[in-house]
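To start, the structure under review is shown below, and the notes come after it.
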Amino acid sequence: MRIIQILGDDIEELWQFPDDVTNEEIKNLYERYQNNEDYETFEDYINEYVPQMDGQRIFVDEIYV
């Protein structure tokens with residue numbers, strides 16, 4: 001599994017994707033989400049539009065500064 005941090009306008013999320021999903025696929029997917037006004041969140045978009053990509057939003061248990 002790969003862990004990807006998505007940073008954008010008002011978004012900072014960690015996502016887990018299978019190893020066979022490329023950076024380019026994730027970038028294209030996020031760009032399509034930004035251009036699509038039918039979904040409120042990237043998570044909703046992925047779950048409905050490309051469930052086969054098996055992307056899952058993950059959360060950090062602790063942050064050390």
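Just so it is clear, none of the values below were taken in a lab; they were calculated from the coordinates. Note that the structure is a prediction, hence the values are computed from the model and not measured. Cβ: placed from backbone, ideal geometry, glycine included. Neighbour counts: every protein chain shown.
Taking label points 7 Å from Cα along the Cα-to-Cβ direction, THR41 and ASN23 give a separation of 2.7 nm. Between the DSSP loop rule and a limit of at most 10 other Cβ atoms within 10 Å, which chymotrypsin sites (Phe, Trp or Tyr not before Pro) in the range 19-65 are left? Sparse-neighbourhood loop chymotrypsin sites (Phe, Trp or Tyr not before Pro): PHE59, TYR64. Taking 7 Å along the Cα-to-C-beta vector as the label spot, tell me the ARG57-LEU7 distance in nanometres, rounded to one decimal. Result for the modelled spin labels: 1.9 nm. In summary, the range 1-50 shows an alpha-carbon radius of gyration equal to 1.08 times the 2.2 N^0.38 Å reference for compact globular proteins.
Using just its DSSP H runs of length 4 or more, each adding -39500 (n - 2.57), the chain gives a mean residue ellipticity at 222 nm of -9000 deg cm²/dmol after division by all residues.
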